[in-house]
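Take a look at the structure set out below.
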Number of protein chains: 2
Amino acid sequence: MTDIRRIEAARTRLAGNIRRTPLLHAPSLDRIAGRRILVKAECLQITGSFKARGAWSAISALPEDVRARGILAYSSGNHAQGIAWAAAKHGVSAVIVMPEDAPAAKVAGTKGYGAEVVQYDRARESREDIGRALAAERGLTLIPPYDFPDVIAGQGTAGLEIAEQAAEAGVNQADVLVCCGGGGLSSGIALSLAATAPGLRMRPVEPVGFDDVKRSLETGERQKNAALTGSICDAILTPEPGELTFPILRQHAGPGLLVSDEEALEAVGLAYRHLKIVVEPGGAVALAAAMFRSDEVPGDAVIAVASGGNVDSALFSKAIANA
Amino acid sequence: MTDIRRIEAARTRLAGNIRRTPLLHAPSLDRIAGRRILVKAECLQITGSFKARGAWSAISALPEDVRARGILAYSSGNHAQGIAWAAAKHGVSAVIVMPEDAPAAKVAGTKGYGAEVVQYDRARESREDIGRALAAERGLTLIPPYDFPDVIAGQGTAGLEIAEQAAEAGVNQADVLVCCGGGGLSSGIALSLAATAPGLRMRPVEPVGFDDVKRSLETGERQKNAALTGSICDAILTPEPGELTFPILRQHAGPGLLVSDEEALEAVGLAYRHLKIVVEPGGAVALAAAMFRSDEVPGDAVIAVASGGNVDSALFSKAIANA
């Protein structure tokens, strides 16, 4: 189970290895929004996304002899890079199982951190079968992207920082908008805020058409998405809320918010122009909601998490063309 | 005169108003460079560049009755935005004299901070005459972009932070590469490092063809540039080193470095890809020197200042196309 004590313990393990990312703001952005917009820039995290927190937390919590046998992960994106980096920094091997059609840049990035990449054919093979065989053969430990207590605890450390940084900025009452795929980051932050900053309320943000978390919160039961592709917010497209993350969200999250792909792209452009940070579309949905859902988000100040910046140059250029 | 006491005093005035920008690094960038590359991300500063430091420092140091009459500046770029922001935050008016052909985005940005923009015809009018007339008529105080003790002191606060952050990162011996136009930032940082981190050496970086500071350091006398246009590094094209900044550079700076426009653009792309920050070409020359002049820069670690991020979208897209 993940609770505030586990998050505090993760923070101790992360200290000195993970960046305390800044809570950015820009007077020019506040002027457009008509209120204060504070952005937790997790795109500036090591490996370019918050995933490094959960990866470090999980790998550092393993018993030394287990860790020494190596780590296994399935991912074509930010989790892969987080795991590859954290394993290498611990001096242990990592195997990442990726689909053959994963973008070359992401494969190269993951290999660049020293991981072994095993590719599979999405149509004919099961990554779970491949993973199980590898794990059995080499004694690897699987670290899932979100449904894992020490991953959630690691992501939750971002929430501890938000609580402190919001207080430093004089913000004690605000919605904290967080992009949401499987719910690792959002549930971790929700736990941290509930324990340390009760005036701050975590609310998940998803792309239109991939609103499993919003509907699950409304119905009280885990709902599935109809599709798994069809949005540029690839980093946060997951089939349904996690088994471990959903109970936390149900207890601590405020109502979900939805934004379109066009709004996510426009938020990428606003972050470029006003904050000088590179955010990927899936990482910009929270800022999009802060800017374009003001009727649904109360208060004089809004906090949005910019979760990652691993974005293709062509897409980024499109986003900033009119920024 | 600017000395370390003036810089320390500026830091006290800046506290709570200016961002302590992060010293970023990325394992993937270190791998390309073959050593540690630490980037002081002043593009994340309020108003998008370090200029906010000097502007705040100078305006906050004025006697209250002088400040209340208003501020005057000549600038088409980052200094204008810094002054406009700092004046507004002090509740006083600012008049910025800008050429008629200044980019619309920069004019709009400056007006957005609440400044009055007075435009002039570069070919037929003198900004100095216009400025003198305005100053006499309204009692405005001129804050120059670099040759002004409290501006240099404000920029120098970035050097105090670099000294502390380098020590935290375990770097006690390194070249600190700083983009250099008139020399406000580089001389301020040089003073701070000389006083607080003697193992860190400030070295100015300029675009090829605009090497006035490098040649001035070599000859011991202020040298002029042959041209004032012809590089994409517009933020750092100045006619010659400042009257106040050059003696400081002569005493404390290491040898100058030069990079081409192409290398500056490539550094913009590297900062985008690996650090997730938006840097303008003139702000990226130090990172370019860190990456592409390794034969001229000794040591296991290099620190580069990324001084600003106010860049046109089309140029930025060009820079990142192959990143």
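The values are calculated or read from the model by the stated rules, or taken from the named source; none is laboratory data. None of the values given here were measured: they were computed from a predicted structure. Cβ atoms come from the backbone with ideal geometry, glycine included; neighbour counts cover every protein chain shown.
Some observations on this one:
- Residues of the range A:205-257 that turn out to be of a type in the set (A, V, I, L, M) and in a strand (DSSP E or B), as a count: 2
- Among the residues of the range B:105-133, the one identified as out of contact with any strand residue (DSSP E or B) (no Cβ under 6 Å at 6 or more places or on another chain), surrounded by 14 or more Cβ atoms within 10 Å (Cβ to Cβ) and of a type in the set (A, V, I, L, M, F, W, C) is B:ALA105.
- Any pair with Cβ under 6 angstrom, 6 or more apart, that starts in the range B:282-310 at a residue that is away from every other protein chain (no Cβ under 14 Å) and crowded, with 24+ Cβ neighbours inside 10 Å and ends at one that is part of a strand (DSSP E or B) and acidic (Asp, Glu): B:VAL302/B:ASP175
- A:PRO63 vs. criteria over 30 Å from A:ALA167 (Cα atoms) and more than 21 Å from the chain's Cα centre (by Cα): yes
- All positions within the range B:265-323 that are part of a loop (DSSP other than H, G, I, E, B) and more than 22 Å from B:ALA174 (Cβ to Cβ): B:LYS276, B:VAL278, B:GLU280, B:GLY309, B:ASN310, B:VAL311, B:ASP312, B:ALA321, B:ASN322, B:ALA323
Conditions (1) more than 29 Å from B:GLN173 (Cβ to Cβ); (2) over 14 Å from the mean Cα position of the chain (by Cα), marked per residue:
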{"residue": "B:VAL205", "(1), (2)": "no, no"}
{"residue": "B:GLY209", "(1), (2)": "yes, yes"}
{"residue": "B:ARG215", "(1), (2)": "no, yes"}
{"residue": "B:ALA227", "(1), (2)": "yes, yes"}
{"residue": "B:ASP234", "(1), (2)": "yes, no"}
{"residue": "B:LEU237", "(1), (2)": "yes, no"}
{"residue": "B:GLU240", "(1), (2)": "yes, yes"}
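- Criterion (closer than 27 Å to A:ALA68 by Cα, assigned to a helix (DSSP H, G or I) and of a type in the set (Gly, Ala, Ser)) met by exactly one of A:GLY156, A:GLY114: A:GLY156
- Number of the exception - A:SER57 against (1) surrounded by fewer than 21 Cβ atoms within 10 Å (Cβ to Cβ); (2) within 18 Å of the chain's Cα centre (by Cα); (3) not hydrophobic (A, V, I, L, M, F, W, C): (1)
- Residue match in the range B:235-256 (condition: of a type in the set (Asp, Glu) and under 30 Å from A:THR47 (Cα atoms)): no
- Out of A:SER231, A:SER187, A:SER192, one residue alone is within 23 Å of A:GLU266 (Cα to Cα), in the same structural domain as A:GLY299 (by TED's automatic domain parsing) and of a type in the set (Ser, Thr, Tyr). It is A:SER231.
- Residue that is farthest from A:ARG215 (Cα to Cα) [pool: residues in the range A:161-198 that are in a strand (DSSP E or B) and of a type in the set (A, V, I, L, M, F, W, C)]: A:ALA174
- In the range B:27-46, the qualifying residues are those that are farther than 20 Å from A:THR21 by Cβ and in a helix (DSSP H, G or I), and the one that is nearest to the other protein chains (Cβ to nearest Cβ) is B:ARG31.
- Residue list for the range B:44-57, filter: touching a Ser or Thr at 6+ places or on another chain (Cβ under 7 Å) and among the hydrophobic types (A, V, I, L, M, F, W, C): B:LEU44, B:PHE50
- Exclusive hit being farther than 16 Å from A:GLY184 by Cβ and at pLDDT 95 or above, set A:GLY308, A:GLY254: A:GLY254
- Condition check for A:ALA10: crowded, with 24+ Cβ neighbours inside 10 Å, more than 14 Å from chain B (Cβ to nearest Cβ) and touching a Gly at 6+ places or on another chain (Cβ under 8 Å): yes
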